[in-house]
Every structure is written in structure tokens, then in C-alpha cells.
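All remarks here apply to the structure that follows.
The values are calculated or read from the model by the stated rules, or taken from the named source; none is laboratory data. Everything quoted here is computed from the prediction, not taken from an experiment. Glycine gets a Cβ as well: all are built from the backbone with ideal geometry, and neighbour counts include every protein chain shown.
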Amino acid sequence: MKTLFDKTTIGTMTLKNRLWRSATWENMADEKGHLTDRLRTVYRGLAQGGIGTIITGYAFVLEEEQPNPGMMGIYDDSFISEYKELTTEVQAEGANIVMQIVYGGSSTGFNIGERDIMGPSAVPNPSRGVVPREMTRDDIARVVEAFAQAARRCKAAGFDGVQIHGAHGYLLSQFLSPYFNRRKDEYGGEIHNRARIIYETLEAVRATVGLDYPVFIKMHCTDHWDSNGLSVEDSLQVALELQRRGITGIEFSGGNPDADNYPGKAPIRNKIIAEEKQSYFAIETAQIAEKLVVPVISVGGHRSPTKMKELLNTTSINYFAMSRTLLSEPDLPNRWQRGDFSRPRCVSCGKCWDAAGNICILDRKKNDSDDD
């Protein structure tokens, strides 16, 4: 029987367990996206806490295109040396570290009006209200090359792999969505046309980092958005094509970018203490995983090691990624490995996010008390 603490390999990576830290926006980098001591402490704590593989918070690939404050950057070579120090430190603790790279697009509320915001089509973002400029073919080529160069920097900095962010309403996932993508050219229409920019990005990344370097993608299993979004079948078709083109593994998330009109369908869901409310994308992810050969990582409300072990042994899901639980309790993997399966400290309140840095509200209150 498979366990969460099996030692496995993915390509050139050796993983000490099946637990991943899913990419989490820490809001702790400096204004140019460079590392801070506070951010280094976060990653050191995760590595020491027993997680097998860390996916970093998303890093923006073009300097002028930063969708949120406090994000890490990877838009020029000045980042390589500082990230090399980070990867060396994390790997010394026995964890892998993979950088997630992103172009944001209209899913942003940061510096609106001060920069050129592009999208597949000029339609308003349902959650932000931002109307992007429709991308030209030259714009698409520039973004694809920016991803490729970002991946090159990740490899040079010693990251164990790179993850392309194609989920959560950011640019690449917008191309997959019939709501955001209303193009009439070769980048719009049927699913493989809508996914063309993702295929081109993978091809450009592979040409830059080689065939053996681990390249992952995060995408949706479904948007739960009727005809506006990505269906399970569409997601499967994209995943099969990415597999054919050399993707190393796929992390499946999900959720609706129009959360106000689709309550309970957002990528992040609260009040999920009961096991039946957890692992909320696992059913659709498992449907896709059974048709794939590449490793599948499931994310979305994983809190119970018992439930994850059951999914591991009854589906084709290979790995499990967590976010908020590790924001609150970075040593949770060590605790589980010791056999302590008491309820996680995180109560899924969704109040991690704060302008002063995204940390568990319990720690924020503690820090406030320490300052009194």
C-alpha cells in the first residue's frame, strides 16, 4: 500500500515524501521582487518542517507586469545569485524547491492605470473589473519568450524544477477560458487553439532548459463556470497534449474566477474542517489522472492525511499539495510522520492575506501582542 511518506522520483528529482507546498503568495519580497530575510525564513521553516517539495510563490516574468505587491521576480539575471543561495539552503534541509513563474494579466488590482495590462481579449475581468488590451501575436511571442528566459534563470539558480502558472485566472488560464478568450485567430476557438500559447510556452521553455529539466504546470481540472470556463474534458485534452510535448508533471487546481456570482466555487474555500468538504478538486482531478501517465499533483483543501492516503490508493493521483495549512503550521509533515494526526492548527478561515505579509492570523495576532 502506498503511503504519503514513500520516497519517489520524478525525472531528475528525488522526493522524500508525496507532500508538496503549493505555490503561495507570501507578499514579502521587496518592491522589485527581490528576496528579503523574512521570505528566506519562510522557506527555511518549510524545509525544516518536513515538506518534500516546495513550490515557491509566483514570480513575475516581465518587470513591468507585476500583478500583486510583494511578489518575487524572475525577470532578469540579477535574481540568479540570490536565488542560488535560497535553493542551496532549502536543499540542504532535504527538500526540493521548484519556482512558479507567471504572467498575471487582468487578474490584478495592483497599479491599475499605470501599466499596460494585456489579455486574450478586451473583456472585463469579472472579479477585478479590469479590461485588458487584446494581445497581438507579437505580444504573445514576447510573453512566451519571457517564460522561457525565466525558466533558464530558474535552472541557473539551482531550482529543482520550474512550474508554469496556468491557473487561477492568470493570463495562461484566461486563454483556456471561453469567457476571457474570444479571439478569432489561431489562439481562439476550439480547445487546442485556446491552449496554443501554453503549448508554445512549454516548447520555448524546453528549448531553453533542455529535455531533462523538470517542467511542471499548474492548471484547472475545471472552472465550474458552465460554458464560460474550462470543462473536465477540455482540461484532459490539454493535459494529454502537454504530456505528449514533454511536461514533467501537472498540478491540478480549479475554481471559478467569478466567485461573487458562483459562491462556494472559488479556488480557495473556507470552513472545510469536515472531511467531506476537503480535497474539493480531487474527484475531477482523479478523472483526468486516470488517463495520464505523467505524475499528477492534487491541490485544494487537503487537510486530512487519512483522506489523502485513501485517494492515493484508490485513484491515479500521485502527490498532494497544501497551502494554508502550511502557512499556519509549516512543521505539519513532520508531525504527521511522527504519527500525530490531531487536527491541523489551520481552521480554513481564509484570513491569511494581509498587506503586512500573508501569514496565519493566529501568528499575526501573536505578533501584534508582542508589539504591545
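Here are some residues: Leu86, Leu46. Which one is touching a Leu at 6+ places or on another chain (Cβ under 7 Å) and more than 19 Å from Arg153 (Cβ to Cβ)?
Answer to the check: Leu46.
Just one of Val144, Val123 is at pLDDT 95 or above and within 18 Å of Lys218 (Cβ to Cβ); which is it?
It is Val144.
So Tyr58 fits all but one of (1) out of contact with any Pro (no Cβ under 7 Å at 6 or more places or on another chain); (2) over 24 Å from Met219 (Cα atoms); what number is the exception?
Result: Tyr58 fails condition (2) only.
Report, by residue number, each residue of segment 304-317 that is part of a loop (DSSP other than H, G, I, E, B) and crowded, with 22+ Cβ neighbours inside 10 Å.
Ile317
Would you be able to say whether some residue in segment 343-355 is surrounded by fewer than 19 Cβ atoms within 10 Å (Cβ to Cβ), at pLDDT below 95, over 19 Å from Lys271 (Cβ atoms) and not hydroxyl-bearing (Ser, Thr, Tyr)?
yes
State yes or no: is Phe110 at pLDDT below 95, within 28 Å of Glu82 (Cα to Cα) and either assigned to a loop (DSSP other than H, G, I, E, B) or in contact with an Asp or Glu (Cβ under 7 Å, 6 or more places away or on another chain) (or both)?
Taking the combined requirement at face value, the residue satisfies it.
Filter segment 50-64 down to the residues that are touching a Leu at 6+ places or on another chain (Cβ under 9 Å), in a loop (DSSP other than H, G, I, E, B), closer than 16 Å to Ile164 by Cα and not small (Gly, Ala, Ser) and list them by number.
Selection gives Thr56 alone.
Can you run down the residue pairs with Cβ atoms below 6 Å, 6 or more apart or on separate chains, where the first is in segment 236-248 and over 10 Å from Val294 (Cβ atoms) and the partner is crowded, with 19+ Cβ neighbours inside 10 Å?
Leu236/Ile288; Val238/Ala195; Arg245/Leu202
Considering only segment 144-187, how many residues are surrounded by 24 or more Cβ atoms within 10 Å (Cβ to Cβ), assigned to a loop (DSSP other than H, G, I, E, B) and either among the polar types (S, T, N, Q) or on the phi < 0 side of the Ramachandran plot (or both)?
Adding up the residues that qualify gives 4.
What is the number of the single condition among (1) touching a residue at least 12 places away in the same chain (Cβ under 8 Å); (2) assigned to a loop (DSSP other than H, G, I, E, B) that Asp340 does not meet?
(1) is the only condition that Asp340 fails.
Would segment 65-76 turn up any residue that is touching a strand residue (DSSP E or B) at 6+ places or on another chain (Cβ under 9 Å), closer than 17 Å to Lys155 by Cα and β-branched (Val, Ile, Thr)?
yes
When the residues of segment 101-122 are filtered to those that are surrounded by fewer than 17 Cβ atoms within 10 Å (Cβ to Cβ) and touching a residue at least 12 places away in the same chain (Cβ under 8 Å), which remaining residue is farthest from Met72 (Cα to Cα)?
Ala122
Filter segment 249-281 down to residues that are surrounded by fewer than 18 Cβ atoms within 10 Å (Cβ to Cβ) and at positive phi and give me whichever is farthest from the chain's Cα centre (by Cα).
The residue in question is Lys271.
Restricting attention to segment 197-232, report how many residues are over 21 Å from Thr56 (Cα atoms) and aliphatic (A, V, I, L, M).
Summing the residues that are over 21 Å from Thr56 (Cα atoms) and aliphatic (A, V, I, L, M) in segment 197-232 gives 6.
With respect to Arg44, determine if the residue is outside any loop (DSSP other than H, G, I, E, B), farther than 30 Å from Gly339 by Cβ and either among the aromatic types (Phe, Trp, Tyr) or touching a residue at least 12 places away in the same chain (Cβ under 8 Å) (or both).
no
With (1) buried (at least 17 other Cβ atoms within 10 Å of the Cβ); (2) more than 20 Å from the chain's Cα centre (by Cα); (3) in contact (Cβ under 8 Å) with a residue 40 or more places away in the chain as the list, and Glu284 as the residue in question, which single condition is left unmet?
Here Glu284 meets the rest and fails (2).
Just to check your reading of the model, which residue among Ile117, Ile80 is touching a strand residue (DSSP E or B) at 6+ places or on another chain (Cβ under 8 Å), aliphatic (A, V, I, L, M) and modelled with pLDDT of 95 or more?
Ile117
Quick one: count up the residues across segment 30-40 that are crowded, with 21+ Cβ neighbours inside 10 Å and either touching a helix residue (DSSP H, G or I) at 6+ places or on another chain (Cβ under 6 Å) or free of Cβ contacts under 8 Å to residues at least 12 places away in the same chain (or both).
The qualifying residues number 0.
Show the residue pairs meeting these rules: Cβ distance below 8 Å; 6+ apart or different chains; first residue within segment 314-328 and within 14 Å of Glu284 (Cα to Cα); second residue in a strand (DSSP E or B) and among the small types (Gly, Ala, Ser).
Ile317/Ser298
Within the group Gly94, Gly109, Gly113, which residue is small (Gly, Ala, Ser) and under 24 Å from Pro267 (Cβ atoms)?
On inspection, the qualifying residue turns out to be Gly109.
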